[in-house]
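Please find one structure pasted underneath; my questions will follow.
Since every read-out is calculated from the coordinates, none of them should be taken as a lab result. It should be emphasised that the depicted structure is a prediction, and the values quoted were computed from it without experimental measurement. Please note: Cβ atoms are built from the backbone with ideal geometry, for glycine as well, and neighbour counts cover all protein chains shown.
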Amino acid sequence: MQIPLKVKGQTVEIVAGIDLGTTNSLCAWVHEGTAQVIADREGRRITPSVVNIDEQHHAVVGDEAQERALVSPEGHLTSIKRFMGRSLEDVYDEAKAAPYTVVAGTRTEQCSIRVYGKEYVPEELSAMILAEVKKRAERAVGGRLRRAVITVPAYFDDSQRQATRNAGRMAGIDVLRIINEPTAAALAYGLNHKKAGTFLVYDLGGGTFDVSVLKLTEGVFKVIATTGNTALGGDDFDRALVELISEGVQVEQKPQYRAALKIAAESAKKALSSQDATRVQMQLGDVVIDQTITRPAYEAAIAPLVHKTLASVEFVLDEAGLDPEDVNDVVCVGGSTRTPLVRQELERFFGKPPHTELNPDEVVALGAAIQASILTGDGTGDTVLLDVTPLSLGIETYGGGCTKLLWRNTPVPVRATEGFTTHVDDQTAVAIHVLQGEREMAADLRSLGRFVLRGIPPMKAGMPRVLVEFFIDADGLLKVTAKEMTSGTEASIDVQPTYGLTDEQVEDMIFESIEHAEEDMIAHIVADLKAEGESVIRYSRKAMAERADLVPPPLRVQIEAAIGGLEAAIASGEKEPIEAAMLVLNESTATVAETLMNEVLSVTVAGRSVGEVIGTEPRTRASDIQLG
Ligand code: ADP
Ligand code: MG
């Protein structure tokens, strides 16, 4: 009996998109072709981003934590996201406003949150939230969540993004990518399927407001402007309602009463999103409250807040140099955009209704799930992660230029081959110098390694056919092989192209190449021309020495003069003079060349030849054989 080596996995892999929100977090995945939010076993789609820690330092997360707000108020931690990857200086005002103690961290540069004498770094608290989200999803689906895309606000800087990544790792999640919340929202609406477009994402959450303008070109979103208010959101709507509810009554200033009022206000607010009026009845100590709040009264109270958000919309459009009519689509994100007044005002401002077809508090997670599924192929986890080469790869050619075999952003695994030949007669070895980067000259590129292909049988320059192959496997490992086709001699090396390079260095290298693009191009052309010119000179001298019978004295003088002119032009390093002098020399040797051409089979063509010359006398001109 045969025992299979590998049983096809029984557990489902959840390749997740996680919206780690300031107020609420949620998890989605692409299942059977559609993006969907994963509700937990109790049917809850949202996990409150809340951690509650008691005196024994026992932490509970989410809804359970919410319930302990009054039991353990000192350890009740909300809006942790505001402190992710920030130093105390960065968040001074927010730290003062927080209902818990934020201190300068002793463990890192980052601020910490002190609870009952113990310090917690924001990213470990966020990790607790992510672990809860992960646990709920795994239980609901009966699978494993190992990999996820996590979203962050567009304005998050490197350290905030890094902190988010770390939080994921601490929660046992392999973070496939950190993406911007507005980009995720645009993905959820499939706006990436359009050819091009300008989109505005309006995100009004619990305690924060963000508005971003995205530009789509060739399937890639770019945030071109973003602004917002870190102290404006649904909480402010709740506060406005607390005022309305407690109008005319004297409520004692007790934390329990304040909390009860806030809870009543939030449910009244949600009711007013779908009803014209709502009745609030409650008893706080001796005080009895019985208020009916109408939608117009509520809207009058929140109108100044909504107008504030529109001022930010105007500002961000201005930043992007756009008018409202330039925006193709407006997307509503965040639970607070369920408020009818918000939608109406956006429609009035843009002259067209915003997208609200998807639940605004779920779109970010849905978009993240779509991104995760794109990154992993089909989302089953069995497929190879689609990745690209971050920088171009090539080899050095005679004269110091670089011939690229693989261009930047080519998806891997990939194989590329190109043919080269020798520069001089009887060259028995060639040096292969593997280079990485976007610039043109070897000296400006990153050297990945060198190896020598030896044992080439002595042949005339241009005759050996050296086939160079670059192969990058799915893990990004590059193998370079060089083979001389007529003799079958072969050599190779393995290199790790991205080893030791940070994302930042990669970006710098690309930027540098754009900056130097023109001068580099010229340098490369000149280097190739010089190499070609030198070969032409060598070839002409050789021909004159070996076949004096073909060169009468007047022609010899003419050729010598042309050689002198080309030498001077090469020394000048200028493109046009070299080209002109080469033309003159070629013309003067034309008759000789013609005769020789009929005699010798090796037709010489201008171009590249591989590596430097090893162990032979330079005697003939360079040539290049291009193999399929
Ligand atoms: P965040 O992105 O800040 O984590 P969300 O997008 O989940 O937050 O938005 C939470 C806010 O949305 C809360 O203030 C909540 O009261 C509000 N909200 C949720 N549902 C509604 C509704 N039906 N009408 C008005 N506001 C709502
Ligand atoms: Mg949000």
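In the range 59-145, which trypsin sites (Lys or Arg not before Pro) are in a loop and have at most 10 other Cβ atoms within 10 Å, using DSSP for the loop call?
Details: sites: ARG68, LYS81, ARG82, ARG86, LYS96, ARG107, ARG114, LYS118, LYS134, LYS135, ARG136, ARG139, ARG144; in loops: ARG68, ARG86, ARG107.
Loop-located and lightly packed - ARG107.
Any chance you could check the Cα centroid distance between the range 514-562 and the range 69-105 for me, in angstrom?
73
Sequence gap at least 6, Cα distance under 8 Å: using those rules, report the relative contact order of the range 28-70 to the nearest whole percent. Don't jump to the answer; show the numbers that get you there.
Details: 41 pairs, mean separation 10.9, N = 43.
The value is 25 percent.
Here is a further query. If you average the C-alpha positions of the range 456-496 and of the range 289-325 separately, how far apart do those two centres end up, in angstrom?
Measuring centre to centre over Cα atoms gives 66 Å.
Counting Lys and Arg as +1 and Asp and Glu as -1, each charge on the Cβ, what is the dipole of the chain about the Cα centre in debye, to the nearest 20? Could the numbers behind the result be given before it?
Values: 62 positive and 92 negative charges, 353 e Å.
The calculation lands at about 1700 debye.
So, one more: Which of the chymotrypsin sites (Phe, Trp or Tyr not before Pro) found in the range 15-118 are in a DSSP loop and have at most 15 neighbouring Cβ atoms, other than their own, within 10 Å?
Values: sites: TRP29, PHE83, TYR92, TYR100, TYR116; in loops: TYR100, TYR116.
Filter output for the range 15-118: TYR116.
Can you sort PHE471, PHE209 by how many other beta carbons sit within 10 Å, fewest first? Kindly include the intermediate steps, with their values, before the conclusion.
On the way: PHE471 18, PHE209 24.
Ordered from fewest to most neighbouring Cβ atoms within 10 Å, PHE471, PHE209 come out as PHE471, PHE209.
Over the chain, what is the relative contact order in percent, taking alpha-carbon pairs closer than 8 angstrom and at least six residues apart?
Numbers: 1265 pairs, mean separation 71.6, N = 628.
Rounded, it is 11 percent for the chain.
Toward the positive end of the charge dipole of the range 110-266, about the Cα centre and with charges on Cβ (Lys, Arg +1; Asp, Glu -1), which of ILE245, GLY206, ILE129 goes farthest?
Of the candidates, ILE129 comes out farthest on the positive side.
Amide H of SER273: which non-local residues (sequence gap of 5 or more, or other chain) have their own amide H closer than 5 Å, using H built in the peptide plane?
none
With θ set to phi - 60° and the Karplus curve 6.51 cos²θ - 1.76 cosθ + 1.60, what are the ³J(HN,Hα) couplings of the range 360-373 in order, to the nearest whole Hz, using x for Gly and Pro?
Rounded to whole hertz, the list is x, 7, 10, 4, 5, 5, 4, x, 5, 5, 5, 4, 4, 6.
Mind listing which GluC sites (Glu not before Pro) in the range 228-310 are in a DSSP loop and have 13 or fewer other Cβ atoms within 10 Å? Spell out each step's value before the answer.
Values: sites: GLU243, GLU247, GLU252, GLU266, GLU299; in loops: GLU247, GLU252.
Sparse-neighbourhood loop GluC sites (Glu not before Pro): GLU247, GLU252.
Per residue of the range 87-102, in order, report the coupling 6.51 cos²θ - 1.76 cosθ + 1.60 (Karplus, θ = phi - 60°) as ³J(HN,Hα) in whole Hz, putting x for Gly and Pro.
Calculated HN-Hα couplings, in order: 8, 4, 4, 4, 10, 3, 5, 5, 5, 5, 7, 5, x, 10, 9, 9 Hz.
Under a plain spin-label model, where a point goes 7 Å from the Cα along Cα-to-Cβ, how far apart in nm are GLU119 and ALA297?
Modelled inter-label distance: 4.9 nm.
Pairs to check: LYS404/LYS530; LYS96/LYS222; LYS194/LYS222; LYS195/LYS308. Give those whose C-alpha atoms are more than 23 Å from each other in this structure. Walk me through the numbers on the way to the answer.
Values: LYS404/LYS530 20 Å; LYS96/LYS222 34 Å; LYS194/LYS222 14 Å; LYS195/LYS308 33 Å.
LYS96/LYS222; LYS195/LYS308, as the Cα separations exceed 23 Å there.
How tilted is helix 255-272 with respect to the longest principal axis of the chain? Cα atoms for both, answer in degrees (0 to 90, nearest 10).
Approximately 70 degrees, to the nearest ten.
Rg(Cα) of the chain divided by 2.2 N^0.38 Å? Write down the numbers at each step before the final one.
Details: Rg = 34.5 Å, N = 628, 2.2 N^0.38 = 25.4 Å.
Scaled against compact globular proteins, the figure is 1.35.
Enumerate the amide H contacts of SER49 below 5 Å, restricted to partners 5 or more residues apart or on another chain; note that Pro and chain-start residues carry no placed amide H.
ASN24, SER25
If you don't mind, there's one more thing I want to ask. Once phi is turned into ³J(HN,Hα) by the Karplus curve 6.51 cos²θ - 1.76 cosθ + 1.60 with θ = phi - 60°, what whole-Hz value does each residue of the range 65-82 show in order, with x for glycine and proline?
So the Karplus estimates, Gly and Pro as x, are 5, 3, 5, 9, 3, 8, 6, 10, x, 5, x, 8, 10, 10, 6, 4, 4, 4 Hz.
Expressed as an acute angle from 0 to 90° and rounded to the nearest 10, what is the orientation of the C-alpha long axis of helix 553-572 relative to the principal long axis of the chain?
20
Moving on. Looking at the chain, what % of its DSSP beta bridges pair antiparallel, to the nearest 5? If you can, show how the numbers build up before the last one.
Details: 88 of 107 bridges.
If I count the DSSP bridges inside the chain, around 80 percent turn out antiparallel.
Relative to the longest principal axis of the chain, what angle (0 to 90°, nearest 10) does the C-alpha long axis of helix 122-141 take?
90
Can you tell me the length gained on complete extension of the stretch ILE493 to GLU579, counting 0.36 nm per residue apart and subtracting the Cα distance? Mind dumping the intermediate values first?
Values: separation 86, 0.36 × 86 = 30.96 nm, distance 3.71 nm.
Here the segment from ILE493 to GLU579 would lengthen by 27.2 nm.
Continuing with the same structure: Taking amide H positions as placed 1.01 Å from N in the peptide plane, with prolines and chain starts having none, which residues 5 or more places from VAL452, or on another chain, fall under 5 Å of its amide H?
ILE432
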